[in-house]
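Inspection log for the structure reproduced underneath, given as structure tokens.
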Amino acid sequence: MFDLTGKTALVTGAGQGMGVGLARALAGQGAAVAVNDLFPERAETTASAITEEGNVAVAFAFDVTDLDAVKSAVSRIETELGPVDILVNNAGIPESTKSTGQKLFRDTDPSVWRLYIDLNIYGSLNCIYAVVEGMVDRGWGRVIQISSGAGRRGYGFGNGIYGASKSGIEGFIRHFAHQIGPTGVTANALAFGLMNNATPREDDVLLQNLKRSIPVGRLGTPEDAGAFCVFLASEESGYVHGQTFNLNGGQFSN
């Protein structure tokens, strides 16, 4: 069950955080994984870790917001690993904002707004556009859009533009799913709650307050994310289509 042998997966933003868990989980089920990151060294680190586990992965560094770069990378992936059967759009935090964090809307520079929109909407659209025709031609494909609870409800701590960008791409996935329904290609979104990646600090008061709102009493892990992604990528998920799933420990429901 959930065997991905013979499939090729492209995971964007897989050089760190949740992306590493997604890439490792897919590879662990037999997929050959194209590991994308903006920085070659990060992509190489993840790909090397996967190959050391006895699975197949190759690093592909490119900027998902550049359509020509995406098309070129997909062509290289097809040559080295095979046609992309599974796309996981995971890249979601603009690199230049990682050191400053997210701010209240009235405190942001308008130049920052576009960074989130470009990455979460245009970056995802670029990747889908580059692979969908091949999926349709072959009669099988899986598009998995990583989203966030911030795209589904309001918060007061400064992630409004990020949330807006996630809301936008979730809306597209719903329409896209209706368009490709009969083709054998499925499209779904997976909305993360509070996840344990490289950024949260245990001494962060806000973090501790948010953790108390999670019924299961802990943050989500890369393994949690990877397991759900494997299901959505599998043959067994063929009747699951056009949905947004919450992965948040019960923090809130639809």
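The values are calculated or read from the model by the stated rules, or taken from the named source; none is laboratory data. Everything numeric here is computed off the predicted structure, so don't read it as measured data. Reconstructed Cβ throughout: ideal geometry from the backbone, glycine too, with neighbour counts over all protein chains shown.
Count of region 219-242 residues, restricted to those that are within 18 Å of Val84 (Cβ to Cβ), of a type outside the set (Val, Ile, Thr) and either touching a Phe, Trp or Tyr at 6+ places or on another chain (Cβ under 9 Å) or loosely packed, with under 15 Cβ neighbours inside 10 Å (or both), is 6. Working only within region 62-89, note down all residues that are touching a residue at least 24 places away in the same chain (Cβ under 8 Å) and touching an Asp or Glu at 6+ places or on another chain (Cβ under 6 Å). Passing the criteria: only Thr65.
Residues checked against (1) in contact with a His (Cβ under 6 Å, 6 or more places away or on another chain); (2) within 21 Å of Arg42 (Cβ to Cβ); (3) of a type in the set (Gly, Ala, Ser):
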{"position": "Ile77", "(1), (2), (3)": "no, yes, no"}
{"position": "Asp85", "(1), (2), (3)": "no, no, no"}
{"position": "Asn89", "(1), (2), (3)": "no, yes, no"}
{"position": "Val132", "(1), (2), (3)": "no, no, no"}
{"position": "Gln145", "(1), (2), (3)": "no, no, no"}
{"position": "Gly151", "(1), (2), (3)": "no, no, yes"}
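In region 203-216 there is at least one residue matching the filter, namely being surrounded by fewer than 16 Cβ atoms within 10 Å (Cβ to Cβ), β-branched (Val, Ile, Thr) and free of Cβ contacts under 8 Å to residues at least 12 places away in the same chain.
Only residues that are in a loop (DSSP other than H, G, I, E, B), at pLDDT 95 or above and either within 13 Å of the chain's Cα centre (by Cα) or surrounded by 24 or more Cβ atoms within 10 Å (Cβ to Cβ) (or both): list them for region 17-34, please. Once the filter is applied, which keeps residues that are in a loop (DSSP other than H, G, I, E, B), at pLDDT 95 or above and either within 13 Å of the chain's Cα centre (by Cα) or surrounded by 24 or more Cβ atoms within 10 Å (Cβ to Cβ) (or both), region 17-34 yields only Ala31. Checking each residue in region 65-104 for being buried (at least 16 other Cβ atoms within 10 Å of the Cβ), aliphatic (A, V, I, L, M) and assigned to a loop (DSSP other than H, G, I, E, B) picks out Leu81, Val84, Ala91, Ile93. Annotation note: Cβ proximity below 6 Å between a residue of region 161-182 that is in contact (Cβ under 8 Å) with a residue 12 or more places away in the chain and a residue that is part of a helix (DSSP H, G or I) and surrounded by fewer than 18 Cβ atoms within 10 Å (Cβ to Cβ) (sequence gap 6+ or interchain) occurs for Ile161/Trp113.
Among the helices (runs of 4 or more DSSP H) confined to region 105-180, the ones with at least 3 residues that are surrounded by 17 or more Cβ atoms within 10 Å (Cβ to Cβ) and touching a strand residue (DSSP E or B) at 6+ places or on another chain (Cβ under 6 Å) are located at 124-138, 160-180.
Quick grid of which residues meet (1) over 19 Å from the mean Cα position of the chain (by Cα); (2) farther than 18 Å from Ile180 by Cβ; (3) at pLDDT below 95:
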| residue | (1), (2), (3) |
| --- | --- |
| Glu41 | yes, yes, no |
| Phe60 | no, yes, no |
| Asn90 | no, yes, no |
| Leu119 | no, yes, no |
| Cys127 | no, no, no |
| Ile146 | no, yes, no |
